[in-house]
1. Scan (1) aliphatic (A, V, I, L, M); (2) over 20 Å from H89 (Cβ atoms); (3) modelled with pLDDT under 95 for the single condition L69 breaks and write down its number.
2. Just checking, which of D119, D103, D115 is open to solvent by 50 Å² or more (accessible area, probe 1.4 Å), in a helix (DSSP H, G or I), out of contact with any Leu (no Cβ under 6 Å at 6 or more places or on another chain) and modelled with pLDDT of 90 or more?
3. Residues that are farther than 21 Å from K23 by Cα and open to solvent by 20 Å² or more (accessible area, probe 1.4 Å): list the strands (runs of 3 or more DSSP E) wholly contained in the range 177-252 that include at least 2 such residues.
4. Identify all residues within the range 93-110 that are closer than 14 Å to A3 by Cα and touching a helix residue (DSSP H, G or I) at 6+ places or on another chain (Cβ under 9 Å); write none if there are none.
5. State the number of residues belonging to the range 1-49 that are in contact (Cβ under 8 Å) with a residue 60 or more places away in the chain, farther than 25 Å from D244 by Cβ and in contact with a Leu (Cβ under 7 Å, 6 or more places away or on another chain).
6. Kindly indicate the residue of the range 1-47 that is of a type in the set (S, T, Y) and modelled with pLDDT of 95 or more and also least open to solvent (accessible area, probe 1.4 Å) among those meeting that condition.
7. Pull out all pairs, ordered by first then second residue, where Cβ-Cβ is under 7 Å, the residues are six or more apart or on different chains, the first lies in the range 226-248 and is farther than 11 Å from V155 by Cα, and the second is β-branched (V, I, T) and assigned to a loop (DSSP other than H, G, I, E, B).
8. Pick out, from the range 33-79, the helices (runs of 4 or more DSSP H) lying fully within it that include 1 or more residues that are farther than 24 Å from I136 by Cα and in contact with a strand residue (DSSP E or B) (Cβ under 7 Å, 6 or more places away or on another chain).
Amino acid sequence: MKAVILAGGLGTRISEETHLKPKPMVEIGGKPILWHILKMYSHHGIHDFVICCGYKGYVIKEYFANYFLHMSDVTFDMGTNRMEVHQRHAEPWRVTLVDTGEDTLTGGRLKRVRDYLKDEEAFCFTYGDGVSDVDIGASIRFHQQHGCLATVTAVQPPGRYGALKREGNRVVGFTEKPRGDGGLINGGFFVLSPKCLDRIEGDQTSWEGEPLASLSRDGQLMAFEHGGFWQPMDTLREKNLLEDLWVSGQAPWKTWA
């Protein structure tokens, strides 16, 4: 099974980082968040990726072209003009990088890679800016069992601010970043039939708009509920939150060995 990852947006709300690189290349623990996402899927046995590039897509291409340089110790012998790679760290990945346009919306990017999905019974689909400890294997099995065209992982949004604990008007404590009001939202981890791409009109179609709405109207969209960790990286504050979790050694999305 393949996983398609959107990696073409501008990332305007984290412009402190993205004026030099595309958002999926913003680093958490010294590695792009895109690397973390690939590691999540690879842990569940998915090693074949199609990455939808756009804004500064050449940065992503250069990263994978020189992957062994990023991940291994290297000796450069200037006298003999030779390079020696030590302790080569390989991943079992096949990565296809597709230029899907700088101004293309999310649905349009997905439709542009349909030729790489035509032989798939189903594929995974996610955004290049969020991590989770979602059981991707379980979501795939859920999708295969219900027989509908699409599965979306449903999550509770993380709380943005701490809340006061009160007795009357007296503050007696604090609740650190309580989760949302109990309502579930689109967590961005999908399992889809290639037939879903027929519902995308063109480049200016947002996947979150009419394609998802039409699947819902037709009873073809099922929700896989995930009650664990889920965190997007839309702002510098959220980037720093993920960085702190990684540095602490308690990153919940690090399910791989």
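The values are calculated or read from the model by the stated rules, or taken from the named source; none is laboratory data. No experiment lies behind these values; they were computed from the predicted model shown. Methodologically, a virtual Cβ is constructed for each residue, glycine included, from the backbone with ideal geometry; neighbour enumeration extends over all protein chains shown. We work out accessible area using only protein heavy atoms, side chains counted, and drop any ligands, DNA or RNA first. Shrake-Rupley method; radii C 1.70, N 1.55, O 1.52, S 1.80 Å.
1. L69 satisfies every listed condition except (2).
2. Exactly one of D119, D103, D115 is open to solvent by 50 Å² or more (accessible area, probe 1.4 Å), in a helix (DSSP H, G or I), out of contact with any Leu (no Cβ under 6 Å at 6 or more places or on another chain) and modelled with pLDDT of 90 or more, namely D115.
3. Result: 221-225.
4. W93, V95, T96, L97, V98, L110
5. The number of residues fulfilling the criteria is 2.
6. Within the range 1-47, the match that is least open to solvent (accessible area, probe 1.4 Å) is Y41.
7. M233/V26; K239/V26
8. In the range 33-79, the matching helices (runs of 4 or more DSSP H) lie at 57-65, 67-71.
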